[in-house]
Amino acid sequence: MGISIANTTEEAIPNVNYKAIKEAALGLAYELNVVISTPEDIKKLNLIYRNKNEATDILSFPLSSDIGEMYMCPEEARKEAKKFDREYENFFAFLFIHGCAHLKGYDHSDTMEVFEAKLRKKFRI
């Protein structure tokens, strides 16, 4: 299977080639579960796992070397896209790449930025 996406919100998710990006970033064997989340639900997770009592646009959780979960919040992503003067769909794809980079083991650094830049170029994001 490779990737599963569960939308727990009432809004449509952006048309992004999630499977191809996941495979390019994490490989064919990596199993990724993506949950499209409400601000309330992602806020709870952010408090539990990061001790931050606020909604966020994305959270990534590596469960093993080849299994991970990602939570993405469209409502928060829309707000952030405006801050960066980016189109929402493009920013959502950027966030997905960013989440995959974290699942790959990268922390915020120049190395992570290079990894993300290669994927953004490949997928025109």
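Bear in mind that the values in this text are calculations on the coordinates, not laboratory data. None of these values were measured; they are calculated from a predicted model. Backbone-built Cβ (ideal geometry, glycine too); neighbour counts: all protein chains shown.
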Length-normalised contact order of the chain, Cα under 8 Å, at least 6 apart, in percent, tallies to 24 percent
Excluding near-sequence neighbours (fewer than 8 apart on one chain), the chain holds lysine pairs with C-alpha atoms under 17 Å apart numbering 12
Final fewest-first order of Ser60, Ser4, Ser37, Ser109 on the 10 Å Cβ neighbour count is Ser109, Ser4, Ser60, Ser37
Per its Cα gyration tensor (rounded if a/c is under 1.5, else prolate when a/b beats b/c, else oblate), segment 35-116 is best filed as oblate
Whole-Hz Karplus couplings 3J(HN,Hα) for segment 75-90, θ = phi - 60° and coefficients 6.51, -1.76, 1.60, Gly and Pro as x, run 4, 6, 4, 4, 4, 5, 4, 5, 4, 9, 6, 10, 5, 4, 4, 5
